[in-house]
1. Hey, among the residues in segment 183-239 that are among the polar types (S, T, N, Q) and part of a loop (DSSP other than H, G, I, E, B), which one's modelled with the lowest pLDDT?
2. Find the residue count for segment 139-166, including only residues that are over 16 Å from residue 195 (Cα atoms), in a strand (DSSP E or B) and out of contact with any helix residue (DSSP H, G or I) (no Cβ under 7 Å at 6 or more places or on another chain).
3. Quick check on segment 246-292: of everything there that is closer than 24 Å to residue 22 by Cα and in a strand (DSSP E or B), which residue is farthest from the chain's Cα centre (by Cα)?
4. Go through segment 280-296 and report how many residues are free of Cβ contacts under 8 Å to residues at least 40 places away in the same chain and either among the hydrophobic types (A, V, I, L, M, F, W, C) or surrounded by 21 or more Cβ atoms within 10 Å (Cβ to Cβ) (or both).
5. Can you tell me which residue is farthest from residue 152 (Cα to Cα) among those in segment 241-253 that are crowded, with 24+ Cβ neighbours inside 10 Å and either modelled with pLDDT of 95 or more or hydroxyl-bearing (Ser, Thr, Tyr) (or both)?
6. Could you please give the count of residues in segment 20-48 that are touching a strand residue (DSSP E or B) at 6+ places or on another chain (Cβ under 8 Å) and either surrounded by fewer than 24 Cβ atoms within 10 Å (Cβ to Cβ) or assigned to a strand (DSSP E or B) (or both)?
7. What pairs come up if the first residue lies in segment 156-175 and is under 13 Å from residue 146 (Cα atoms), the second is in a loop (DSSP other than H, G, I, E, B) and aliphatic (A, V, I, L, M), and their beta carbons are under 7 Å apart, counting only those six or more places apart or on different chains?
8. Given segment 49-129, what helices (runs of 4 or more DSSP H) lie entirely inside it while holding 2 or more residues that are free of Cβ contacts under 8 Å to residues at least 60 places away in the same chain and within 17 Å of residue 19 (Cβ to Cβ)?
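The values are calculated or read from the model by the stated rules, or taken from the named source; none is laboratory data. These numbers were taken from a predicted model, which means no experiment stands behind them. Please note: Cβ atoms are built from the backbone with ideal geometry, for glycine as well, and neighbour counts cover all protein chains shown.
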Amino acid sequence: MKHPARVKIVDVSPRDGLQNEKGSVPTEVRIELVDRLTDAGLQSVEAGSFVSPKWVPQMADSAQVLARIRRKPGVAYPVLVPNLKGLEAAIAAGATEVAGFAAATEAFSKRNTNCTIAQSMQRQAEVCKAALAAGVRVRGYISVVLGCPYEGEVKPQAVADVARQLQDMGCYEISLGDTIGTGTPARAQKLIETLARDIPVKMLAGHFHDTYGQALANVLAVMEQGVAVFDSSVAGLGGCPYAKGATGNVATEDVLYMLNGLGIETGIDMDKLLDAAEFICARLGRPTVSRAGRALIAKRDKAAA
């Protein structure tokens, strides 16, 4: 199959990227990161999450972030919500799109959400029903689709069972998370092949972590099957608090560099994306882990000297 002519990138760094920071990130920094990503041309920027501050204190100010970002028409600013309480808070803060989440294994579900998959799906059904009734779009996340830190290899059919339920609940898009980054291209393609029997490929998104250096290869592999939406994180920020050793999401700069090389449209300005990466890395006090980002910034700095 040919590559899609256009790919949508969902930058998850303001939520998935920053939720693992040991210290709290100032609200002003989170707001500016979202605004810089918007200015760079991202179609979707995950702005925060409405989970208990007890569990994820870094996201406690998500209502302030949503209220103060410079929203651009046509750009989505989804926020993660775990339950009805989170949804109500998100709607009150002005959210127009939310993301619910589930896991493909029982062990990860219990560690991540303190409930079974069945209980998690019940929660998501309640969230979806209430969100859709309020005119709020819902995106679904599935964790550990290509490997679980507690159960090991995950069968594609287990992911398909969860995905089908999310589809039936009204999720317009389902993001497939390789949370610990153990997936390889052949396994990623097998997963898409299995899901595509029941779910349109246009509803599927890839969310690959780069723990084993396979993320870009996985993006390319499933793109060949028609997947045209990918989650990534500027500067490669992120990880998973419930998966020890899992490194960050694939870097947005790396994905964009590859897509540009393939002639695939994204609407994203690389220079402005690099500016956003330099901004957040300076505030966090560490270098980018994006290889394309490092090379391009060095090249830009040399040209400016």
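1. Our first condition is that a residue be among the polar types (S, T, N, Q); within segment 183-239, this holds for 184, 189, 194, 211, 214, 218, 225, 232-233.
Still in the running and part of a loop (DSSP other than H, G, I, E, B): 184, 211, 214, 225.
Details: 184: 98, 211: 90, 214: 96, 225: 97.
Taking the candidates together, the pick is 211.
2. Within segment 139-166, residues that are over 16 Å from residue 195 (Cα atoms), in a strand (DSSP E or B) and out of contact with any helix residue (DSSP H, G or I) (no Cβ under 7 Å at 6 or more places or on another chain) number 2.
3. Per the criteria, the residue is 251.
4. First, the residues of segment 280-296 that are free of Cβ contacts under 8 Å to residues at least 40 places away in the same chain: 282, 285-287, 294-295.
Still in the running and either among the hydrophobic types (A, V, I, L, M, F, W, C) or surrounded by 21 or more Cβ atoms within 10 Å (Cβ to Cβ) (or both): 282, 295.
Looking only at that region, the number is 2.
5. The first filter runs over segment 241-253 and keeps only residues crowded, with 24+ Cβ neighbours inside 10 Å, leaving 248-253.
From what is left, the residues that are either modelled with pLDDT of 95 or more or hydroxyl-bearing (Ser, Thr, Tyr) (or both) are 250-253.
On the way: 250: 21, 251: 25, 252: 27, 253: 30 Å.
Checked segment 241-253; the qualifying residue farthest from residue 152 (Cα to Cα) is 253.
6. First, the residues of segment 20-48 that are touching a strand residue (DSSP E or B) at 6+ places or on another chain (Cβ under 8 Å): 30, 34, 37-38, 42-48.
With the extra rule that they be either surrounded by fewer than 24 Cβ atoms within 10 Å (Cβ to Cβ) or assigned to a strand (DSSP E or B) (or both), the set shrinks to 38, 43-45, 48.
Of the residues in segment 20-48, 5 are touching a strand residue (DSSP E or B) at 6+ places or on another chain (Cβ under 8 Å) and either surrounded by fewer than 24 Cβ atoms within 10 Å (Cβ to Cβ) or assigned to a strand (DSSP E or B) (or both).
7. Listed by first residue and then by second, the contacts come to 158/104; 159/104; 159/145.
8. Details: elements: 62-68, 84-92, 106-113.
Once the helices (runs of 4 or more DSSP H) in segment 49-129 are filtered for at least 2 residues that are free of Cβ contacts under 8 Å to residues at least 60 places away in the same chain and within 17 Å of residue 19 (Cβ to Cβ), what remains is 62-68, 84-92.
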